[in-house]
Structures are given as C-alpha cells and as structure tokens.
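Values in this text are rule-based calculations from the coordinates and carry no lab data. Just so you know, these numbers come straight off a predicted model, no measurement behind them. Please note: Cβ atoms are built from the backbone with ideal geometry, for glycine as well, and neighbour counts cover all protein chains shown.
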Amino acid sequence: MGLLSWVGRQALVFSETLGEFALFTYRAFLGVFSGVWSRKDLLEQLERVGANSVFVVSITSAFTGMVMAVQTLDQFVRFGATSYIGGVIALSMVREMSPVLTGLVVSGRVGASMAAEIGSMKVTEQLDALRTFGLDPNVFVGVPRLLAGLVMLPVLTLFSFVIGIGGGFLYVSAHGINPHLFWRSVEALLNPSDIYGGLLKAAVFGLLITISACGQGFLTGQGARGVGTATTGAVVWGNMLILVFNYILSSVLFGGIKG
C-alpha cells in the first residue's frame, strides 16, 4: 500500500505539473498578440539564450562531431565505405545530435537560470506587484522568454550543424580521408528536408525549455528551498520533454509514421 500511495502521489504531481505547463502555454500564446510585454526584455532574453550560449554550444558540437568521426571512421574503412563517412556524420548531426545536444545544453544553462529568476520574483512578491498593476505575469514575464527560446534555438542549432560537421571533417582529414570525398558524400546524402526537420525540432525544443523553466518558476514554493526545487525541476522537465518529443518528431519527420 505504501508503494501504491507513493506512485499515486507522483502521478498526481506529474499530472498537475503538466496541467500548469499547458495553462501557462495557453496564456502566454494569447499574450503574444496583446502587446503587454517588454520588447527590451525580449532583446535581453535573446542575448541570454543565444549569444551567451554560443561558446558552450561550439565546444559541445565540435567534440560531438569529432566523436562521431572516431566511431565511424574505423568501421567504414574496414568495410570499404569511406565514400559515405561525411554524409553519415552530417545526417547524424543535422537530424539528431545538434538539435538534441543544443537543447540539453541550453536547458541546463538557460532553463535553470530562468526558473531561478522567476522563482525569486515570486518569493519576493514581485509577481504579485505585477498583478497589482493589472499585468499578467504569464504574459509580461513569460512571453519574452518563450519567444527567445523559439527564435534562438534554431539559430544555435544551425550554428551547431556547421561546427559539428566541421569537427568531423577535421578529424577524418587528419586521418587520410580525401576532403573532396567527404564533402561529396555530404552533398549526396544530406537533403534540405533533413535541415528543415532539424530546425523544426530545435524550435519545438526551445518552446519546451522555456515552458518548463517558466512553468517551474511560477510554481515555486516559499523560501530558498522552493527556488532550488524549481531550478532543479526546470532542468529535469526540460531534458525529459526534449528526449520524449525528439522520439515523436523523429518518427514523424524521418520515418516510422507515414501517411
């Protein structure tokens, strides 16, 4: 009975959290067209999500591309398939690795920060002050962050494409693979639809990161412990939603579910 009770409580918390996320998303999307949010705040959030994440995304993408090259080069040489190395690395980065890893990195770096900031605003009653002035915190605070995630995640992911494929290229070139052969395989195997699919994934992940971060911030309990719990929850929820939706989007965009 104790285990069943614990499972029931966790399921209740899970469903309540998803409900709060859905409610925040509904209010924020309606608020996008209301105009009652700060353009200056939007620019600050674009910088926070985008420009301030470039370095960590660069490092992650470059070494991911190199690791992809390390894992594929030996096997492709063994089976005489070196003409496909560049295309396989590019497909892996564009379809999966760049959108997912960029999302996870931004979730850990930016999502936690957003949740802590909004949680602190709730604890110090700044959100209540906004309501006193007739402003909906879901709109005034949430919309700039939601739009920043939606816009900047695809931009960062596109940047990750270039850095990751470049990292793989440098590794295989250093190990004797003809550079022309590498890029010819990229052109042969990589289609525009793969790039569009990867960018669509990134846009969805950007929304998921900001929804989980803002949602957890608005759910913050009292005191420093509440802020810490919200910060942790934002990262956990963001990462979990990214992985779940990555499977769904991969199935729809790249195979599995077809009309």
Mean Cβ-within-10 Å packing, highest first, puts peptides 204-212, 219-227 in the order 204-212, 219-227
Computed for segment 37-249: size of charge dipole around the Cα centre, +1 on C-beta of each Lys and Arg, -1 on C-beta of each Asp and Glu, debye to nearest 20, value 80 debye
Among GluC sites (Glu not before Pro) in segment 54-148, those in a DSSP loop whose Cβ has at most 14 other Cβ atoms within 10 Å are Glu125
Ranked on Cβ counts within 10 Å of their own Cβ, fewest leading, Lys201, Lys40, Lys122 go Lys40, Lys122, Lys201
Residue span Leu243 to Glu96: 0.36 nm per residue of separation minus Cα-Cα distance leaves a gain in nm of 51.9 nm
Rounded to the nearest 500, the 222 nm mean residue ellipticity computed for the chain from DSSP H runs (n ≥ 4, each -39500 (n - 2.57)) alone is -27500 deg cm²/dmol
So for the chain, using the alpha carbon gyration tensor with a ≥ b ≥ c as root eigenvalues (a/c under 1.5 gives rounded; past that, a/b versus b/c decides prolate or oblate), I'd call it prolate
Expected sort for 236-244, 130-138, 68-76 on mean C-beta neighbours within 10 Å, highest first, is 236-244, 68-76, 130-138
Taking Cα atoms only, helix 39-49 is inclined relative to the longest principal axis of the chain by an angle, in degrees rounded to 10, of 50 degrees
Protection proxy (average C-beta count within 10 Å per residue), highest first, orders 157-164, 48-55 as 157-164, 48-55
If the chain between Leu30 and Phe14 were fully extended at 0.36 nm per residue, the gain over the current Cα-Cα distance would be 3.3 nm
Expressed in angstrom and rounded, the centroid-to-centroid distance over alpha carbons for segment 194-240 and segment 43-101 is 23 Å
Placing +1 on each Lys and Arg Cβ and -1 on each Asp and Glu Cβ in the chain, then taking the dipole about the Cα centre, the residue among Thr124, Phe161, Asn191 whose Cα reaches farthest towards the positive end is Asn191
